[in-house]
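One structure is given here, and the rest of the page talks about it.
Each value in this text was obtained by applying a stated rule to the coordinates, not by laboratory testing. Every value quoted in this text rests on a predicted model; they were computed, and no experiment measured them. Cβ sites come from the backbone with ideal geometry, for glycine too, and all protein chains shown count toward neighbours.
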Amino acid sequence: MPKQPDQRRELGAFLRTRRERITPEETGLPSTGRRRTPGLRREELALLAGISATWYTYLEQGRDIRASDQVLDALASALRLSPHERGHLFQLAGHAPVAETGEPEPLAAEAAAVPLLLQPHPAYIIDGNYDVLSHNQAADELFVNLTAAAGRPANFARWVFLEPAARDVLVDWEPEARGLLARLRTLAGRHPGDPRYTQLIDELNAASPQVRDWWPRYDVQPRHSGRKRLRCPGGAPVEFAYTAFHLAEQPEQTLVIYSDAREPAA
């Protein structure tokens with residue numbers, strides 16, 4: 001599938017940010033004194049990847065050229081990309097299916113009922129752009145004001161960055177917010193030009209100085225399970241374990257369940 005101009009620009013930006021985070025010393029290249037920009041120069045990366053410096057420059061500039069699997073593998077190796085970053089590189093380069101743009105599939109009534117069945121454990125279902133499609137009372141009480149906005153769906157990304165209460169609920173707000181933004185970047189890369197993502201990202205950039213600072217860094221991250229510290233209303237911080245499940249036939253609809261990590265497993 002041919003890459004669109006926006007997708008080519010995203011590919012160039014991703015390559016540039018990854019190039020700038022690696023020093024010549026890390027790759028075994030000799031240091032050449034003071035540099036105007038951080039990280040590797042384009043010609044140095046091209047040398048490490050075994051490709052033409054001019055051709056690589058065109059790729060980073062977003063020109064309409066196509067990289068082979070072999071070239072992408074060489075770049076991923078030279079840039080020391082993680083497996084998830086490598087997958088994202090191939091996605092942006094047009095070597096993986098791009099999700100169709102259009103109206104998202106509605107949440108099935110049977111799936112929407114699941115968070116209610118999980119009460120008293122906080123649970124919700126989110127779409128790929130972090131719209132909250134279903135939630136239970138425990139989630140409403142824990143994530144203060146998450147569902148308070150009228151006239152549009154509650155959105156977890158909007159809540160994290162634009163709702164003041166989020167900085168109290170999320171005890172480790174900055175790493176949690178950075179991780180969410182990296183996951184949103186990954187998902188947006190699968191939907192180039194989709195207004196659900198572009199409008200949300202534009203809104204976050206306009207209203208959040210942290211998003212304006214972090215978005216250009218091009219961090220990417222998959223959705224995952226783990227632990228996080230949350231502050232219940234009027235209480236002390238509590239460590240919660242959370243688990244994410246992708247819904248059958250709707251992989252971007254994700255059920256997230258929280259449980260107090262201090263409670264013994266059943």
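Rank Q253, Q70, Q119 by mean-square fluctuation in a GNM of the chain with C-alpha springs under 10 angstrom and give only the top-ranked residue. Of Q253, Q70, Q119, the most mobile in the Gaussian network model is Q70.
Quick one: compute the contact order of the chain, relative version, from alpha carbon pairs under 8 angstrom and 6+ residues apart, as a percent. Relative CO of the chain lands at 17 percent.
What the Cβ-Cβ distance of F90 and V238 gives, at R0 = 35 Å and to the nearest 0.05, is a FRET efficiency of 0.35.
For the chain, modelled as a GNM whose springs connect Cα atoms under 10 angstrom apart, the maximal fluctuation among D202, D194, D127 occurs at D202.
Take the Cα pairs of the stretch 109-260, get the Kirkwood Rh, then feed it into Stokes-Einstein at 37 °C and 0.692 mPa s and tell me D in µm²/s.
208 µm²/s
Each residue of the stretch 130-147 is assigned a 3J(HN,Hα), and the resulting list reads 6, 5, 8, 8, 7, 7, 10, 4, 4, 5, 4, 6, 6, 9, 4, 6, 4, 10 Hz, derived from the Karplus form 6.51 cos²θ - 1.76 cosθ + 1.60 (θ = phi - 60°), x at Gly and Pro.
Rounded to the nearest 20 debye, the dipole size of the chain about its Cα centre is 1180 debye, using +1 on the Cβ of Lys and Arg and -1 on the Cβ of Asp and Glu. Mind checking which of H224, H135, H191 has the largest fluctuation in a GNM of the chain, springs on alpha carbons under 10 Å? Sorting by GNM fluctuation, first place goes to H224. Based on alpha carbons, the Rg and Dmax found for the chain are 20.7, 63 Å. Restricting the calculation to Cα atoms, the stretch 38-125 shows an Rg/Rh of 1.26 when the hydrodynamic-style radius is the Kirkwood one.
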